[in-house]
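The values are calculated or read from the model by the stated rules, or taken from the named source; none is laboratory data. Computed from a predicted structure; not experimentally measured. When we count neighbours, we look across all protein chains shown, and the Cβ atoms used for this are built from the backbone with ideal geometry, even at glycine.
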Amino acid sequence: MKAVSPGKGKKAKTDPTEEIWNLRLYVAGQTQKSIMAFANLKKICEEHLAGKYRIEVIDLLKNPQLAKGDQIIAIPTLVRKLPEPLKKIIGDLANTERVLVGLDIRSFSE
Amino acid sequence: MVKAKHDMDVLEKCPTGIRGLDEITKGGLPRGRPTLICGSAGSGKTLFAMEFLMRGAMDHKEPGVFMSFEETIEDLSKNFNSLGFDLNGMMSCGLIATDHVYIARNEIEETGEYDLEGLFIRLGSAIDSVGAKRVVLDTIEALFSGLSNTAILRAELRRLFSWLKERGVTTIVTGESGDKTLTRYGLEEYVADCVILLDFRIREQISTRRLRIVKYRGSSHGSDEYPFLIDERGLSILPISSLGLDYPVSTERISTGVPKLDAMFGGKGFYRGSTILVSGTAGTGKTSLSAALADGACLRGERCLYFAFEESPRQIVRNMGSIGIDLARWVKKGLLKFHSARPSLYGLEMHLVTFHKAIEEFKPKVFIVDPVSNLVAAGSSLEVKSVLTRLIDYLKMEGITAFLTDLTHFGGGFERTSEEISSLIDTWILLRDIELQGERNRGIYILKSRGMAHSNQIHEFLLTNQGINLIEIYTGSGEVLTGSARAAQDAKEKASELKSRHEVESRLREQNRKKKVLEAKIAALRAEFDAESEDLRLMAEEERERQIVQAGDRLEMEHLRKGEPSTVRRSAKKRSG
């Protein structure tokens, strides 16, 4: 938590200590890619963001209208809603390094 | 079995509602299949697609989905408002659903396998929301710039198109032209049913838009390049050669607007729906003849469309007023419509499209182009011929009488246009300058007029303040005379005629006199003869009397002598007997 603040300090304006990572994973049904993406995400979050993340899984088969809002075209797509700015990672998140870059978590591990 | 196969083979078509397109595609785009519209930037792809949706929703009760990968929906609706398409209104009516797909590469990280199911879901829900029958994807190629894994993209595009086919929606996919391929990313590979290419080219500072059907599987189609136009009513495409020679013909005749000219055409004028060309050098009265025809048409209550490429409408009205043709009243009444433009204002095809549009809107009975030769300035002679052929075919189809004037150059004989279009022309009138004795006069004659008896005489063509008049020109003694020379010749002829008449009269008198002399002579001779005859008769009488007297004397003498009476009597008897 303390380690996050210097890295985030540049972008987040207020109260970096209370920051919660709000992540949204868009899937379409229980496909293999979706299941894999969720598993990969869970692992990365546990390793790097333990205790301060929230993952919301949205199944577009059930809520198709939600796809428009976050400009989802690819499945699976991971959207970092918070902290800002918005980030998107598409794919099954198998490449941890790229996920970290995409979520801008790398600074945290340094 | 065979029948079922046949039914399958017949391709159902989806009318686009775009003017002209349904004619060249013979019914529209392939229903339930994707069509690729490709072209360079600014060639009108988005407009094409949008009009397809709008017409479908408005005219064919087919709701649609517009999925934009480039412009936002706000921008789109603003852009199309100016073309009379109320996108927002259609959206609120539930006839059109829109979705703006925005892909920013810098926001997206790709890690591992993915698919485009999100896009499918969005499209699917949009289709379901309005019950869409038509779908536009504009421009789906944006995906290629947004996502880097082209292998996945290609596989997904293939899946997308077969999915769209399964859903039975008629789809338009737009794609930007590539260097050597139809589209930059080879979309034509996936959309195999129908490909239409839009082209926008500039030659000699004149731009022309053209459309070509590159491919239409399972259907015959026009394969030419068709010019099209984008105007305030959307797109209009002009079929170049879909018209044949099987137009209806009329035996009705219409006045030329000049009674004496009617007389040259057997007293009845032109055939309705025929094409008339008037050739002449500058100032021979082509516009005046056009105006007379327009005036005549309006007098009959017919509409007349007048395309002026040389003068402004007001100038024509003013100038024609000076020869007693009041066109202003017809303009006011709405029977006469002028359309004035510089020929070089836009390309030839554009002119043709403009003609079509104006004709469609105004529905004239008489159509005048003054002068048609000026169009040469807007294209090559081959193009001019092709444009005029199409125009004339179209006019004949509609039964509109076409009156084209053709400006020829001094000493040049018939100019290019005339030669090229002469075979299309039914009636060809020639106006000529006749220069004689320091005077220029106008002559008019009919070069040809199909299907009617017509005068072969050159007439003098006079523009007076009471209108146009034709006068028989002097053609005696091997000469053609006009103007004052004709008048002088007329006077001379009259004088010589008078003279010869006098001569004849005097000779007649002389003859009469001679006859009388002769008769007198005859009378005199007869009198002489009669006199001689009388003399002769008298002489004979005298002689007889004398003999009688003689005989009497002899008897007396015998009697006196009394000698030898028998011999004397005998001899006397013999003599007297």
Q. Which residue pairs have Cβ atoms closer than 8 Å, lie 6 or more positions apart in sequence or on different chains, and pair a first residue in the stretch B:281-296 that is in the same structural domain as B:Tyr271 (by TED's automatic domain parsing) with a second residue that is among the basic types (Lys, Arg)?
A. B:Thr281/B:Arg432; B:Thr284/B:Arg432; B:Thr284/B:Arg442; B:Gly285/B:Arg442
Q: Could you tell me whether the stretch B:75-95 includes any residue that is buried (at least 23 other Cβ atoms within 10 Å of the Cβ), within 14 Å of another protein chain (Cβ to nearest Cβ) and of a type in the set (A, V, I, L, M)?
A: no
Q: Please work out if B:Glu166 is out of contact with any Gly (no Cβ under 7 Å at 6 or more places or on another chain) and acidic (Asp, Glu).
A: yes
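Does the stretch B:263-280 hold any residues that are without any contact (Cβ under 8 Å) to a residue 40 or more places away in the chain and crowded, with 23+ Cβ neighbours inside 10 Å, and which are they?
Residues of the stretch B:263-280 that are without any contact (Cβ under 8 Å) to a residue 40 or more places away in the chain, as a first pass: B:267, B:269.
Within the stretch B:263-280, just B:Gly269 meets the criteria.
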Q) In the list B:Tyr102, B:Tyr114, which residue meets the criterion of being within 12 Å of chain A (Cβ to nearest Cβ) and surrounded by fewer than 17 Cβ atoms within 10 Å (Cβ to Cβ)? A) B:Tyr102
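Evaluate the following for B:Ile446: is it in a strand (DSSP E or B), out of contact with any Pro (no Cβ under 9 Å at 6 or more places or on another chain), closer than 30 Å to B:Ala402 by Cα and in the same structural domain as B:Leu293 (by TED's automatic domain parsing)?
Values: in a strand (DSSP E or B): yes; out of contact with any Pro (no Cβ under 9 Å at 6 or more places or on another chain): yes; closer than 30 Å to B:Ala402 by Cα: yes; in the same structural domain as B:Leu293 (by TED's automatic domain parsing): yes.
The answer is yes for B:Ile446.
With respect to B:Leu187, determine if the residue is buried (at least 22 other Cβ atoms within 10 Å of the Cβ), in contact with a Leu (Cβ under 7 Å, 6 or more places away or on another chain) and modelled with pLDDT under 90. I'd like the intermediate steps shown before the answer.
Numbers: buried (at least 22 other Cβ atoms within 10 Å of the Cβ): yes; in contact with a Leu (Cβ under 7 Å, 6 or more places away or on another chain): yes; modelled with pLDDT under 90: yes.
Against the criterion (buried (at least 22 other Cβ atoms within 10 Å of the Cβ), in contact with a Leu (Cβ under 7 Å, 6 or more places away or on another chain) and modelled with pLDDT under 90), B:Leu187 qualifies.
Going by the conditions given, is B:Glu176 under 48 Å from the mean Cα position of the chain (by Cα), modelled with pLDDT of 85 or more and acidic (Asp, Glu)?
When the stated conditions are applied, B:Glu176 passes them.
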Q) How about the stretch A:62-86: which of its residues are more than 15 Å from B:Glu117 (Cβ to Cβ), crowded, with 17+ Cβ neighbours inside 10 Å and at pLDDT 85 or above? A) A:Val79, A:Arg80
Q.
For the list (1) at pLDDT below 85; (2) out of contact with any Pro (no Cβ under 8 Å at 6 or more places or on another chain), I need the number of the one condition that B:Met58 fails.
A. (1)
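Collect the residues in the stretch B:361-391 that are β-branched (Val, Ile, Thr) and either closer than 20 Å to B:Ile316 by Cα or modelled with pLDDT of 85 or more (or both), keeping them in residue-number order.
Across the stretch B:361-391, the qualifying residues are B:Val366, B:Ile368, B:Val369, B:Val372.
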Q: Please give the number of the condition B:Gly483 fails out of (1) exposed (fewer than 10 other Cβ atoms within 10 Å of the Cβ); (2) modelled with pLDDT under 80.
A: (1)
Q. Within the stretch B:303-322, can one find any residue that is assigned to a loop (DSSP other than H, G, I, E, B), touching a helix residue (DSSP H, G or I) at 6+ places or on another chain (Cβ under 9 Å) and at pLDDT 90 or above?
A. yes
Q) So which of B:His356, B:His339 is of a type outside the set (A, V, I, L, M, F, W, C), in a strand (DSSP E or B) and either under 28 Å from B:Gly269 (Cα atoms) or in contact with a helix residue (DSSP H, G or I) (Cβ under 6 Å, 6 or more places away or on another chain) (or both)? A) B:His339
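With the structure loaded, tell me whether B:Asp326 is outside the structural domain of B:Gly20 (by TED's automatic domain parsing), touching a residue at least 60 places away in the same chain (Cβ under 8 Å), out of contact with any His (no Cβ under 9 Å at 6 or more places or on another chain) and of a type in the set (Asp, Glu) or whether it fails that test.
On the way: outside the structural domain of B:Gly20 (by TED's automatic domain parsing): yes; touching a residue at least 60 places away in the same chain (Cβ under 8 Å): no; out of contact with any His (no Cβ under 9 Å at 6 or more places or on another chain): yes; of a type in the set (Asp, Glu): yes.
Here the answer is no, as B:Asp326 does not meet what is asked.
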Q. Within the stretch B:105-132, how many residues turn out to be modelled with pLDDT of 85 or more, in a helix (DSSP H, G or I) and out of contact with any Lys or Arg (no Cβ under 7 Å at 6 or more places or on another chain)?
A. 12
Q. Given (1) assigned to a strand (DSSP E or B); (2) more than 19 Å from B:His60 (Cβ to Cβ), where does B:Val135 come up short, assuming only one miss?
A. (2)
Q. Among the residues of the stretch B:117-145, which ones are within 10 Å of another protein chain (Cβ to nearest Cβ) and buried (at least 21 other Cβ atoms within 10 Å of the Cβ)?
A. B:Glu117, B:Gly118, B:Leu119, B:Phe120, B:Ile121, B:Arg122, B:Leu123, B:Ala126, B:Leu143
**Q.** Residue that is surrounded by 10 or more Cβ atoms within 10 Å (Cβ to Cβ), touching a residue at least 24 places away in the same chain (Cβ under 8 Å) and in a helix (DSSP H, G or I), where the choices are B:Ala520, B:Ala540, B:Ala551, B:Ala527
**A.** B:Ala551
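Pick out, from the stretch A:18-109, the strands (runs of 3 or more DSSP E) lying fully within it that include 2 or more residues that are away from every other protein chain (no Cβ under 12 Å) and of a type in the set (Lys, Arg). Don't jump to the end; show me each part of the working.
Numbers: elements: A:21-27, A:53-59, A:77-82, A:87-90.
Those strands (runs of 3 or more DSSP E) do not exist here; none qualify.
Mind checking which residues of the stretch B:153-175 are outside any loop (DSSP other than H, G, I, E, B) and surrounded by 19 or more Cβ atoms within 10 Å (Cβ to Cβ)? Spell out the reasoning first.
Looking only at the stretch B:153-175, we keep the residues that are outside any loop (DSSP other than H, G, I, E, B), and these are B:153-167, B:170-175.
Listed by number, the residues that qualify are B:Leu153, B:Glu156, B:Leu157, B:Leu160, B:Phe161, B:Leu164, B:Thr170, B:Thr171, B:Ile172, B:Val173, B:Thr174, B:Gly175.
Determine whether the stretch B:493-500 contains at least one residue that is surrounded by 11 or more Cβ atoms within 10 Å (Cβ to Cβ), in a helix (DSSP H, G or I) and without any contact (Cβ under 8 Å) to a residue 24 or more places away in the chain.
Step one: list which residues in the stretch B:493-500 are surrounded by 11 or more Cβ atoms within 10 Å (Cβ to Cβ), which gives B:493.
Those left that are additionally in a helix (DSSP H, G or I): B:493.
Remaining after also requiring without any contact (Cβ under 8 Å) to a residue 24 or more places away in the chain: B:493.
There is at least one residue in the stretch B:493-500 that is surrounded by 11 or more Cβ atoms within 10 Å (Cβ to Cβ), in a helix (DSSP H, G or I) and without any contact (Cβ under 8 Å) to a residue 24 or more places away in the chain.
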